[in-house]
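Data block below; observations after.
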Amino acid sequence: MTQYTESAALLERAKKVLAGGVSSEFRKYNHPHAIFYTHGKGSRIYDVDGNEYLDFTLSQGPLLLGHSHPDVLQAINEYSEKGQLFAGQHHREIELAEKLADLIPSAELMRFCLDGSEAVQTAFRIARAKTGKPKFLRFEGHYHGWLDNVAWGLSQPSADALGDRESPNAYPWSAGLADNARDEFLILPWNDLELVRKTVAEHHHELAAIITEPIMCNNGCILPKDGFLQGLRDICDEYGIALIFDEVITGFRVSLRGAQHYFGITPDLSIFAKAIASGYPISAIVGKYDWMRLIEEARVIHAGTMNAGNPTIAAALATIQVLERDQPHERLYRFGQKLMAGLRQAAAETGQNLKVQGLGPMFHSGFTNLESVTDYRDTLSYDKAKLGKFIAGMHDKGVRVIGRGLWYISAAHTEADIDHAIETAREVLGNL
Ligand SMILES: Cc1ncc(COP(=O)(O)O)c(C=O)c1O
């Protein structure tokens, strides 16, 4: 029986000084409670009770190379010794920006920030400034960070509560949001191009941007329907609206050039964050010159004391160097798809209604009888209690998966790791 006694004791101590015992809300939702870890190496992470886990959480996505990649550590150590932050520029920033401009189709000009949430807000600011219009259109179930104008439509109590598809109810995710935050956006179900077309035709005079995850990673890992992203591109072109791709998860993971390269659709602005620097805090707002020049001209202000620190930039450059040298994407897809197929097979053998979908480098598993899950409304059919038991069962057997059923594959995972995860899942599904 896996023990969590040390973690439980630390959590009690932490709760006295850290609100809820954690530093990010999502960290509460581990099994059986927030867990305290000691270290990570490759595809494994270890907790204070001495438990070892095969890790498919990868720190919610950033650890594309796995934990503690030696090349990244070496780069950080070397550059930390030369200083941390200069309140000024250093030449490695240019190297990183040149590299991203080389790789990412839409990246003509960029700025570095610390995390996805603030880069998303920077994109909105640029879009509003350039178009002179106040609102953005977003989609149910897409996560764009935790700040006021995007903390809606993520935690609906039920499908019924979502209301009409043409004018959905968007529940606030938090108390204390600014009174006017709900006025900043329109929201629609995802993957319904006709509905977007109709809504934009009616509201284009107030819309500065459409923002979307190119794959709806945060709920169900749902792929865009054929033509959906191209349709968004066309609508934005027709009405002079910014198309913003939130590539916080897909960036580097789907391909080194992003989901925009994978799908062949070039947005005006996009946000890259999680996987850029193997767990060090950096994000990038990148975009076409016509939009980004508003920052260049200081018509749109973007700033940040901690932006583009020496070690962080070194971590990003080292990460990209390893990705270019080792070319792990073919393996990420192969292993991810093998794991997806193995889970489906295990579910079929044990009579479980487990639905597994995604591309491979990241995918989702959840229990539903729906044949097809194409938007957030469909994901509300997932049996959360059953998923909780599955995730807990996996965790007790040393396989760590994100509580909402999302799996990430890293370059450090081996074929034996994938086989082990499938065997464990078969056992856990059989006992559900
Ligand atoms: C698609 C997407 N956008 C934005 C964010 C917010 O990024 P951060 O947590 O770095 O602020 C996340 C975080 O999970 C995300 O998945």
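A few points about this structure:
- Using a Förster distance of 41 Å, the FRET efficiency for residue 77-residue 6 (Cβ separation, nearest 0.05): 0.90
- Listed peptides 181-190, 156-165, 133-142 by packing density, highest first (mean Cβ within 10 Å): 133-142, 181-190, 156-165
- Whichever aspartates and glutamates have a C-alpha closer than 14 Å to that of residue 225, once near sequence neighbours (fewer than 8 apart) are set aside: 192, 194, 213, 375
- Amide hydrogen neighbours beyond the local backbone of residue 22, cut-off 5 Å, H modeled: none
- Per-pair calculated FRET efficiency, R0 = 25 Å: residue 420 and residue 155 via Cβ, rounded to 0.05: 0.15
- Here's the list of aspartates and glutamates a cross-link from residue 82 could span, going by alpha-carbon distance under 15 Å and ignoring same-chain residues fewer than 8 apart: 93.
- Cα centroid separation, region 153-216 to region 251-301 (Å): 23
- Kirkwood analysis of the Cα pair distances in region 70-325 returns a hydrodynamic radius of 18.7 Å.
- Derived scalar couplings ³J(HN,Hα) [region 159-166; Karplus, 6.51 cos²θ - 1.76 cosθ + 1.60; whole Hz; x for Gly, Pro]: 4, 4, 5, 6, x, 4, 5, 7
- Only aspartates and glutamates eight or more places from residue 15 in sequence, or on another chain, were considered; those with a Cα closer than 19 Å are 6, 25, 47, 49.
- The residue list 319, 291, 43 was ranked by how far each Cα lies along the charge dipole of the chain toward its positive end, using unit charges on Cβ atoms, and 43 comes out on top.
- Near residue 139, the amide H atoms lying under 5 Å from its own belong to 188; only residues 5 or more places off or on other chains count, and H is placed 1.01 Å from N.
- Over the chain, volume per residue of the alpha carbon convex hull, in Å³: 145
- Pairs spanning more than 19 Å between alpha-carbon atoms, out of 274/386; 41/384; 130/288; 28/384; 28/338: 274/386; 41/384; 28/338.
- Taking every DSSP bridge with both residues inside region 70-325, close to 40 percent are antiparallel.
- Loop-located trypsin sites (Lys or Arg not before Pro) across region 189-247 with a Cβ neighbour count of 16 or fewer within 10 Å are 225, with loop assigned by DSSP.
- Karplus-derived 3J(HN,Hα) values for region 262-272, using 6.51 cos²θ - 1.76 cosθ + 1.60 with θ = phi - 60°, are 4, 8, x, 10, 9, x, 7, 9, 8, 10, 10 Hz; glycine and proline are entered as x.
- The chain: antiparallel DSSP beta bridges as a percent of all, rounded to 5: 60
Where a number appears in this text, it was derived from the coordinates with a stated rule and is not lab data. None of the values given here were measured: they were computed from a predicted structure. Counting neighbours? That spans all protein chains shown, and the Cβs are built from the backbone with ideal geometry, glycine included.
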